[in-house]
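Structure first, commentary second.
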Amino acid sequence: MRALALSTCLLLGACATADNRDPFERINRHIFEFNDAMDAGIIRPAAESWRATVPEPARRGIRNALNNLQEPVVFINNMLQFRLADAGTTLLRFSMNTTVGVLGVMDVATPAGHPQRLGDFGQTLYAAGFGDGPFLMLPLLGPSNVRDAIGGGVDSFIDPVGYAIGYAVPRTAATGVGIGRGVIQGIDLRAENIENLDALRADSLDYYARLRSIMQQRRDAQLGRTTEGGEGLMTLDDPGG
């Protein structure tokens, strides 16, 4: 794997970087520039319109429902990691929010003492001993790494909700529903972070490096580990500072 990554890196001419977790930095920065342009021209305006036209309670209900649809994938990954207590909590959350919470529009499980659990296939691969792999900036999807990019694809493939929709409606409609799910979730997330990202950009000498640092530290925290240097995760360093 390392030999393949090194060969690819040399062929693409992307190894000139001070960060050994980002050997493809040159290409990643080009993709980041594309993402930034798409954000400025399409995604942010859509997010601003979403926030301006959809009342906050409605947005919160939609967000809850979309999060609830993700619970079966979380449950599967909890089971694959033998985190049985978390799997039980996730199953209970899905049952409560789908029924009492009216298809997940209301999150009644969290106030009842059952907060949402984390579970994705990237985390499952990490638990099985797989390393992060090189940092990747994915088109439109943003910061990731090789392991988590593969994990995201697997999560989409094993999603029981996607299969249920596929059985219920024609394939074309099911594909549209799946895409719509992702688009609404992405726009809502962007709408929730307009000011945060503006402040981050304004305070960063190198916006790309800052986002990379934050993504890596956030993922480290999700996986329950410290950063490579063994430091805590309270400070989000700006490598360009």
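Give the accessible surface of region 60-121 per residue, rounded to a whole number of Å², with probe radius 1.4 Å and ligands, DNA and RNA excluded.
Here the per-residue accessible area is 50 Å².
How large is the accessible surface per residue of region 129-228, computed with a 1.4 Å probe and reported in Å² as a whole number?
For region 129-228, the per-residue accessible area is 54 Å².
Mind checking the angle between helix 146-158 and the chain's longest principal axis? C-alpha axes, 0 to 90 degrees, to the nearest 10.
Compared with the principal axis, the helix lies near 20 degrees.
Compute the long axis of helix 44-53 from its Cα atoms, compare it with the longest principal axis of the Cα atoms of the chain, and write down the angle in degrees, 0 to 90, nearest 10.
With rounding to tens, the tilt is 30 degrees.
With each label point set 7 Å from Cα along the Cα-Cβ vector, what nm distance links SER156 and ASP206?
Placing both labels 7 Å along Cα→Cβ, they lie 3.0 nm apart.
In degrees from 0 to 90, rounded to the nearest 10, what is the angle of the helix 25-38 Cα long axis to the longest principal axis of the chain?
50
Stretch ALA85-ILE27 to full length: gain in nm at 0.36 nm per residue minus the Cα-Cα span?
16.7 nm
Could you work out which residue, out of PHE82, PHE135, PHE24, moves most in a Gaussian network model of the chain, that is, has the largest mean-square fluctuation with Cα springs under 10 Å?
Answer for the Gaussian network model of the chain: PHE82.
How many angstrom lie between the C-alpha centres of region 128-195 and region 50-75?
Using only Cα atoms to place each centre, the spacing works out to 15 Å.
Any chance you could run the full-extension gain for PHE130 through ILE42? It's 0.36 nm times the residue separation minus the Cα-Cα distance, nm to one decimal.
Going from the current span to full extension adds 28.1 nm.
Please identify, among TYR163, TYR126, TYR207, the residue showing maximal mean-square fluctuation in a Gaussian network model of the chain using a 10 angstrom Cα cutoff.
TYR163
Roughly speaking, to the nearest percent, how much of the chain's 1.4 Å accessible area is carbon and sulfur?
Taking all protein chains in place, the chain shows 66 percent carbon and sulfur surface.
Starting from 0.36 nm per residue, how many nanometres of slack lie between LEU66 and ARG225 once their C-alpha separation is accounted for?
Computed gain between LEU66 and ARG225 is 54.4 nm.
Given the -39500 (n - 2.57) contribution per DSSP H run of 4+ residues, what per-residue ellipticity at 222 nm results for the chain, rounded to the nearest 500 deg cm²/dmol?
-20500 deg cm²/dmol
The values are calculated or read from the model by the stated rules, or taken from the named source; none is laboratory data. Note that this is a predicted model, so its numbers are computed, not measured. Quick reminder, even Gly has a Cβ in these numbers, built from the backbone with ideal geometry, and neighbours come from all protein chains shown. With ligands, DNA and RNA removed, areas are computed over all heavy atoms of the protein, side chains included. Shrake-Rupley method; radii C 1.70, N 1.55, O 1.52, S 1.80 Å.
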